1. Do we have residue 146 as part of a loop (DSSP other than H, G, I, E, B) and outside the structural domain of residue 26 (by TED's automatic domain parsing) here?
2. With respect to residue 78, is the statement that it is charged (D, E, K, R), closer than 28 Å to residue 98 by Cβ and modelled with pLDDT of 95 or more true?
3. Tell me which residues, restricted to the stretch 149-197, are more than 26 Å from residue 225 (Cβ to Cβ), in contact with a Phe, Trp or Tyr (Cβ under 9 Å, 6 or more places away or on another chain) and part of a loop (DSSP other than H, G, I, E, B).
4. Considering only the stretch 17-50, state which residues are surrounded by fewer than 11 Cβ atoms within 10 Å (Cβ to Cβ) and touching a residue at least 12 places away in the same chain (Cβ under 8 Å).
5. Would you mind stating whether residue 139 is exposed (fewer than 12 other Cβ atoms within 10 Å of the Cβ), among the polar types (S, T, N, Q) and outside the structural domain of residue 208 (by TED's automatic domain parsing)?
6. Output the residues belonging to the stretch 81-109 that are at pLDDT 95 or above and among the small types (Gly, Ala, Ser).
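The values are calculated or read from the model by the stated rules, or taken from the named source; none is laboratory data. Just so we're clear, the structure is a prediction, and the values are computed from it rather than from any experiment. Note: ideal-geometry Cβ built from the backbone for every residue, glycine included; neighbour counts use all protein chains shown.
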Amino acid sequence: MVKEAIKKQITGVLSGLGIENPSASIEIPSDTEHGDYSSNVGLVYAKKLKKNPMEVAERIAQLCRGKKSFALAFGKIEAVRPGFINFYLSKEYLIQEIEGALKSQEKIGEGIALKGKKIMVEFTDPNPFKEFHIGHLYSNTVGESLCRLMESQGAEVKRVCYQGDVGLHVAKAIWGMEEHIKNKKSNIKNIEERSLDKRIQFLGESYAYGEKNMKMMRRQRMKLLSLIKWCIQKKMGRYISFTMRGENGV
């Protein structure tokens, strides 16, 4: 729709400049720095108008900007060397179009460009020993948006979120738990009797302690490595679940 509107506007301007049966090629640039749409019309009609291509492009761009009903959709219409005109859609226009699409009962934008494709999208991947933050929300929003866009084009999309329950960070958290329990002369029973918020806090503090004390004695490093191996082999199983469900044994 926008592409056709630009084409109609440019050909109308060319007719006004004395060109008979004008046509205009409108492209979508691969680099958005060159606009949302672009035309090489200045280069094409420079010879017929007996003017420099850049001069032609600037004149057409000026006349396009002067047509208020047309220019309202664009934040910028500029002529660039050697004779192109770049059109940048305005934020207001894009918001207006999105609001219209949301209110519409039609499935606007759906297509078959990705029909038959199988795509896996991984996003979020939270650390189980830290609270969710705005960064995870951003990842969720972008990841889910991409999935829906690809599904709208016919793709079969699989959403993947690795739970982060195996790896060095797990070993650090477990080591931190053990150190906290030992240093505070506490036990698992005391921890499982805490509220959920307090247990979550305990996990976070244990992880932070393990992270902070990475550069530890060789013996403790070796213990960390053995914990990593154990975690991978058992896939954690019930090892850390005591903090969430109150099971015994570390």
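1. no
2. Working: charged (D, E, K, R): yes; closer than 28 Å to residue 98 by Cβ: yes; modelled with pLDDT of 95 or more: yes.
Yes: the conditions hold for residue 78.
3. 161, 194
4. Within the stretch 17-50, 18 is the sole residue that qualifies.
5. Working: exposed (fewer than 12 other Cβ atoms within 10 Å of the Cβ): no; among the polar types (S, T, N, Q): yes; outside the structural domain of residue 208 (by TED's automatic domain parsing): yes.
Criteria not met by residue 139.
6. Across the stretch 81-109, the qualifying residues are 83, 90.
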